[in-house]
Amino acid sequence: MPTNVTPEYAAADLEFQKASTTVEKIKCLEKMLSLAPSHKGGETLRAEIKTKISKLKDKIIKEKEQKKKGYSLTIKKEGAAQIILVGPPNTGKTTLLNYLANSKYDTANYPFTTTKPNVGTMDYQTVRLQVVDLPPLNEDAAMKQAPYFSIIRNSDLILLVIDNLAQLDFLIKEFSDSHILLNKPKPAIKIKRVATGGVEFIGEKLIKGNVDEVKKFLRDHLSSAVIEIFEEVKLDDFFDIINEKLAYLPAVVVLNKQDFCQEIFTYHHFEIVPISCLMNCNLNKLKDKIWQKLGLIKIYTKEPGKKPSLKEPLTLPKKSVIKNMASYIHKDFVKKFNYARVWGKSAKHDGQVVGLDHPLQDNDVVEIHLK
C-alpha cells in the first residue's frame with residue numbers, strides 16, 4: 001500500500017481485502033478511488049484501481065452472458081447512420097422517437113413503458129437516419145443490461161435523453177463502466193507491440209506530468225512495445241489507450257419535458273438541447289444538431305447532360321475529397337477517373353473542373369467523368 005494515503009483510504013483497502021463477492025470488491029475499489037491521492041504522485045495508484053474495477057465488472061458481465069447461454073441483442077443498421085436514444089425511466093424517449101421518425105409507438109406517463117427496442121427512420125434533408133429507442137437504463141446498467149451496450153457500441157451517435165441534469169452523471173458512469181467514453185477524442189497515441197526490446201517512447205517530451213509514473217504504468221501492462229505520442233498526453237490517456245475494449249462515441253444531451261423554451265447550452269463537454277415535444281420547442285434545432293454531430297456531408301450526383309438527382313445523396317465523412325466519393329461509388333472509379341465537375345460551396349464557380357484531391361462540402365453536386 002502507498003505510504004502517503006489517508007487513514008480513510010487504508011480502511012477502504014482493508015475492506016477490499018476482506019470482501020468476499022465481486023460486487024463487494026467493486027464497491028470497495030470505487031470507495032478507494034474516491035479517496036486516492038489526487039496529486040500527480042497518485043496517478044499510477046488511481047490508474048491501477050481503475051484497471052481492477054474494469055476487470056471485475058467485465059467478470060460479472062461475462063458470467064451473466066454465460067448464464068444466458070449466448071443470448072445477444074442486435075439491430076441491423078439501416079440508412080446513413082444509426083442514432084440511439086438512451087436514458088433513465090420515464091424521460092420521454094419514445095415520445096421523442098415518435099416525433100423524429102413520425103412513428104406511433106405506445107407512450108405513457110409512467111416508467112418502463114418501453115420493454116424492447118423501438119426502431120424508426122428519421123428523414124433529414126433527403127437523408128434517411130435510423131433511430132433506435134432502447135428500454136430505460138437502471139442502476140448498474142453496465143452489468144445488468146449489457147446487451148443494450150452491445151447495440152450502443154456499434155452506433156454512430158448517442159442521444160442522452162434526461163429530464164434533469166442530475167441524471168447525466170448517472171449515464172456517464174454507466175457508459176464508462178461499459179468501456180464507452182462520450183465526446184472524448186481518442187488520445188493521440190499509437191502503440192505497436194513488438195517481440196523484444198522493452199517499452200520505447202517516441203515523443204516522450206509530450207507527456208504531461210510525472211514521466212516515470214507513466215513509464216512504470218506502461219511497463220506493468222506491456223512487455224515490449226514502441227509507443228508514439230503525437231500531442232500532449234497524461235497518464236489517464238495511456239490508461240485509456242491500452243484498454244482495447246474502449247469505444248469513443250459522440251453524444252448530444254436532450255433535456256426533455258421543459259416548461260419553457262431556452263437556448264442550447266454547454267455543460268461540461270456536452271451540448272445540452274432543451275426540448276419539449278408538447279410545446280414544439282427546439283425540435284428542429286435538435287435535428288440540425290444531430291446532423292452536425294454525426295460529422296457527415298451530403299453529396300448529390302449528376303450525370304453529364306442531365307439534371308442532378310436530389311433525392312438520395314451520398315453521405316460521406318466531413319473532409320472527404322473527390323477520391324473518397326469515387327471509391328464509394330465503385331472500386332474502379334478511381335483507376336478510371338478523368339476529372340469531375342462540381343457545383344456548390346466547394347466550387348469557385350458552377351461546374352468547376354477538379355481532380356481527385358478536391359475537398360467536398362455539404363450539399364455539393366458532383367459529376368464524375370471517366371476515361
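Where a number appears in this text, it was derived from the coordinates with a stated rule and is not lab data. Quantities reported herein were computed from a predicted structural model and do not represent experimental measurements. All Cβ positions, glycine included, derive from the backbone under ideal geometry; neighbour counts span all protein chains shown.
Sort the stretch 296-370 into rounded, prolate or oblate with this rule: let a ≥ b ≥ c be the square roots of the eigenvalues of the Cα gyration tensor; rounded if a/c is under 1.5, and if a/c is not under 1.5, prolate when a/b is larger than b/c, oblate otherwise. Since a/c stays below 1.5, the shape of the stretch 296-370 is classed as rounded. On a straight-distance basis, which aspartates and glutamates could pair with LYS348 in a cross-link, Cα separation under 14 angstrom, same-chain partners fewer than 8 positions away excluded? Hits, sequence-local ones excluded: ASP364.
Evaluated with a Cβ-only charge set (Lys, Arg +1; Asp, Glu -1), the chain carries a dipole of roughly 1320 debye about its Cα centre, given to the nearest 20.
Straight-line cross-link reach from LYS77 at under 14 Å between alpha-carbon atoms covers these aspartates and glutamates, not counting any fewer than eight positions away in the same chain: ASP133, ASP156. For CYS277 and THR74, the difference between the fully extended length at 0.36 nm per residue and the C-alpha to C-alpha distance is 70.2 nm.
The stretch 177-224 and the stretch 297-327 have their alpha-carbon centroids 40 Å apart. Taking Cα centre as origin and charging only the Cβ of basic (Lys, Arg, +1) and acidic (Asp, Glu, -1) residues, the dipole magnitude of the stretch 115-260 rounds to 420 debye. Each residue, GLU204 and LYS216, gets one label point 7 Å from its Cα in the Cβ direction; the gap between the two is 1.7 nm. For the pair LYS319 and GLN352, a Förster radius of 25 Å applied to the C-beta separation gives a FRET efficiency near 0.85, rounded to the nearest 0.05. Multiplying the residue separation of THR22 and GLU263 by 0.36 nm and subtracting their alpha-carbon distance yields 82.3 nm.
The stretch between ASN164 and GLU15, if pulled fully straight at 0.36 nm per residue, gains 50.2 nm over its current Cα-Cα span. Please check: in the Gaussian network model of the chain (C-alpha springs, under 10 Å), which one of LYS76, LYS62, LYS173 has the largest mean-square fluctuation. Ranking LYS76, LYS62, LYS173 by mean-square fluctuation puts LYS76 first.
For a straight C-alpha distance cut-off of 19 angstrom, the lysines reachable from LYS216 (same-chain residues fewer than eight places away being disregarded) are LYS40, LYS50, LYS52, LYS190, LYS192, LYS205, LYS208, LYS234. Quick check: from the Cα gyration tensor, does the chain come out rounded (a/c under 1.5), prolate or oblate? Oblate, because a/c is 1.5 or more while a/b does not exceed b/c. Please identify, among LEU35, LEU360, LEU97, the residue showing maximal mean-square fluctuation in a Gaussian network model of the chain using a 10 angstrom Cα cutoff. Of the options given, LEU35 has the highest mean-square fluctuation. Computed from the C-beta positions of LEU310 and LYS59 and an R0 of 51 Å, the FRET efficiency is 0.45 to the nearest 0.05.
Considering only beta bridges that DSSP places wholly inside the chain, some 55 percent are antiparallel. Among rounded, prolate and oblate, which fits the stretch 214-318 when a ≥ b ≥ c are the square roots of the eigenvalues of its C-alpha gyration tensor, a/c under 1.5 means rounded, and a/b larger than b/c means prolate? Cα axes put the stretch 214-318 in the oblate bin.
Helices in the chain, meaning DSSP H runs of at least 4 residues, each add -39500 (n - 2.57). Divided by all residues, the mean residue ellipticity at 222 nm is -10000 deg cm²/dmol. Here's how it looks for VAL199: its modeled amide H is under 5 Å from those of ALA225, which are all 5 or more places away or on a different chain.
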